[in-house]
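Structure first, commentary second.
The values are calculated or read from the model by the stated rules, or taken from the named source; none is laboratory data. As the structure is a prediction and not an experimental result, all values here were calculated from the model. Cβ coordinates were reconstructed from backbone atoms using ideal geometry, including for glycine residues, and neighbour counts include every protein chain displayed. Surface accessibility is based on the protein's heavy atoms, side chains included, excluding ligands, DNA and RNA. Shrake-Rupley method; radii C 1.70, N 1.55, O 1.52, S 1.80 Å.
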Amino acid sequence: MKYYLIFLIIALYSLLLLLIELQTSQIFVRQFFTDIGQYEIIGYAINTTLSVFLLWATALLFIINLTCVKKRTVEYWFFVSQIVMFVYLGCDERFLIHESIGKFLGRNDAYLLLGLGLVEVGLLAWLGNLRQKTQLARKFLYIAAVLFFIMVVIDAKFPRDMLLRLSLEELTKLWADIFLFLFAWEIMQQKIGNRINA
C-alpha cells in the first residue's frame, strides 16, 4: 500500500518517455537514456552527479527524520520544508532551473540561488530549533552556509573566464552539499538515538 505512490510516479515517468519516443524518434529519446560513460571522457558530469546525489540523499534523510516525530508539530513542518527544499535543489542542479529562470528574466542567476539560501535561513530560524540540534549538526550547517556563500560570490562576482573560477565554484558547492548531508545525517542519528532511548 505505501509503495503505490512510488510505483505510480515511476509508471508515469515510463509512460512519458514511451510517448516521447512515439511522438519523436529513438534518436531524440536517446538523450534521456544516454549513458554518461559514452562521452569523450569517463568522468563526464561526475561533479553534477555527486551534487544531485547528495542533495536528494539529504532529502531522503529528512524523510527518515520525519518518521521519528509527531505529525503537525513545528519539527514535523521543519522536516517537511527541508524535504521540499532539497528535492527542489537536486532538481535545480540536475535540470538547470535557476539558470533558465535567470536567463528568462535577464538577471544573474547567482542571485536566485542567494534568494533560496535566504529562504533556507528563514526556515532554519523559524522552524529549525537549532538549539536542540547537536553541536556537531550545527557545525556542519554553519560550514555548509559559509561554503554556499562563497560559491554564490564566486558565481556572481568572479569573471566567467578566470582561471580556476569554474572549479572553485563547483567544488565549494559540492563541499557545501556534503556538509548539508552531514547536517541531516547528524539529526537522523540524534532522532534514532532518542527513539531507542525512549
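A few notes on this one:
- Option label - volume of the Cα convex hull per residue in Å³ computed here, alternatives (i) 125; (ii) 140; (iii) 172: (iii)
- Considering helices alone, the calculated mean residue ellipticity of the chain at 222 nm is -26500 deg cm²/dmol, with DSSP H runs of length four and up weighted by -39500 (n - 2.57) and normalised per residue.
- Linear extension gain, F7 paired with F158, 0.36 nm per residue minus alpha-carbon span: 49.9 nm
- Rounded to the nearest 20 debye, the dipole magnitude of the range 94-185 is 280 debye, with +1 charges on Lys and Arg beta carbons, -1 on Asp and Glu beta carbons, and the Cα centre as origin.
- Excluding ligands, DNA and RNA, the accessible surface per residue across the chain is 68 Å² with a 1.4 Å probe.
- Accessible area in the full protein assembly, largest first, 1.4 Å probe, for Y3, Y76, Y44: Y3, Y44, Y76
- At least 27 Å along the helix axis (C-alpha) and Kyte average at least -0.5, DSSP helices within the chain: 4-23, 46-66, 74-95, 135-157, 165-197
- Positive-end extreme of charge dipole, the range 72-198 - chosen from F78, T172, L113 (charges on Cβ): F78
- The separation of the range 20-63 from the range 67-107, counted between C-alpha centres, amounts to 19 Å.
- Carbon/sulfur fraction of accessible area - the chain, other protein chains in place, 1.4 Å, %: 70 percent
- Most mobile listed residue (L116, L15, L182) in the chain, GNM with C-alpha springs under 10 Å: L15
- Each peptide in 123-136, 85-98 receives the mean, over its residues, of other Cβ atoms within 10 Å, and ordering these scores from highest gives 85-98, 123-136.
- Partner lysines whose Cα lies under 23 Å from the Cα of K157, excluding those fewer than 8 positions away in the same chain, are identified as K103, K173.
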